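*Asks:* Sharing a structure with you now.
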Amino acid sequence: MVRGGREPLIIEDLLKFDETSNMEVTKNLGGGSLIGMPIYYSDGTNFGTLCGMDLRPHHFTEEHISLFKAMAKLLENVLNLERANHRVQALSAPLVPISDTVAILPVIGDVDEDRTNRIMEHSLSQSLKQGLEYMIFDLSGLVTIDECSAFNLLKIGQSLKLLGVRMIITGVRPELALKAVQSGSDLDQIHTESNLSDALRYIGYHLEKI
């Protein structure tokens, strides 16, 4: 048996290894062998273990061990790329806190169905995490949006309401309002203001020049 740190766990006979010999799963299998390679994120956080098993005792050669290390490294790279992608996606829907209970989410650029889903997931999770009461969606920087996404953006307000968060939309241009109407969205269910200043005043914030 070999074990330690980032090195693989190798048990060539489960019945002869103290920590596994009396396990119920070992008894059910009737013995066997195991090799396990830990998987880590780039920051050192452990994701889990890549395991291989045989129902018979088995001697793992250096070739077997090298193969498992290579597969584990490949999986680590995939996981790190996925984590990096999630961070990039979060940046596409940045949440700007104004206070402990109020945040602004500026929607800038183009919005398609995929980005709408990311915005919905991010806004819901952060609202719950931060205990928000109001979330202001500022659409003044929006370039283009398809009809389906216009409908889904407004659905976010209904989802936030279930969490006790009031959604306020600002910066709605005429073409977006038209698409929302064409998609059958009920704008009356979501509070709208012409700009951020009006939205903050509606909540109770008083803006002063310094």
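A quick yes/no check of all residues on (1) of a type outside the set (Ser, Thr, Tyr); (2) open to solvent by 40 Å² or more (accessible area, probe 1.4 Å); (3) in a loop (DSSP other than H, G, I, E, B); (4) modelled with pLDDT under 80:
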residue	(1), (2), (3), (4)
Asn85	yes, yes, no, yes
Arg115	yes, no, no, yes
Ser123	no, no, no, no
Leu128	yes, yes, no, no
Ser140	no, yes, yes, no
Leu178	yes, yes, no, yes
Val181	yes, yes, no, yes
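*Asks:* Regarding the stretch 18-31, can at least one residue be identified that is in a loop (DSSP other than H, G, I, E, B), open to solvent by less than 60 Å² (accessible area, probe 1.4 Å) and modelled with pLDDT under 90?
*Replies:* The answer is yes, given that some residue of the stretch 18-31 is in a loop (DSSP other than H, G, I, E, B), open to solvent by less than 60 Å² (accessible area, probe 1.4 Å) and modelled with pLDDT under 90.
*Asks:* Now, a different point. For Asn152, only one of the following conditions fails: (1) touching a Leu at 6+ places or on another chain (Cβ under 8 Å); (2) at pLDDT below 85. What is its number?
*Replies:* Of the numbered conditions (1) touching a Leu at 6+ places or on another chain (Cβ under 8 Å); (2) at pLDDT below 85, the odd one out for Asn152 is (1).
*Asks:* Next up: Would you please name the residue that is modelled with the lowest pLDDT, looking only at residues in the stretch 1-17 that are under 20 Å from Leu74 (Cα atoms), part of a strand (DSSP E or B) and not aliphatic (A, V, I, L, M)?
*Replies:* If we take residues in the stretch 1-17 being under 20 Å from Leu74 (Cα atoms), part of a strand (DSSP E or B) and not aliphatic (A, V, I, L, M), then Glu7 is modelled with the lowest pLDDT.
*Asks:* Which one is farthest from Thr20 (Cα to Cα), of the residues in the stretch 39-79 that are aromatic (Phe, Trp, Tyr) and in a loop (DSSP other than H, G, I, E, B)?
*Replies:* Ranking the qualifying residues of the stretch 39-79, first place goes to Tyr41.
The values are calculated or read from the model by the stated rules, or taken from the named source; none is laboratory data. This is a predicted model, so every value here is computed, not measured. FYI the Cβ positions are ideal-geometry reconstructions off the backbone, even for glycines, and counts take in every protein chain you see. Remember, those area values only see protein heavy atoms, side chains included, never the ligands or the DNA or RNA. Shrake-Rupley method; radii C 1.70, N 1.55, O 1.52, S 1.80 Å.
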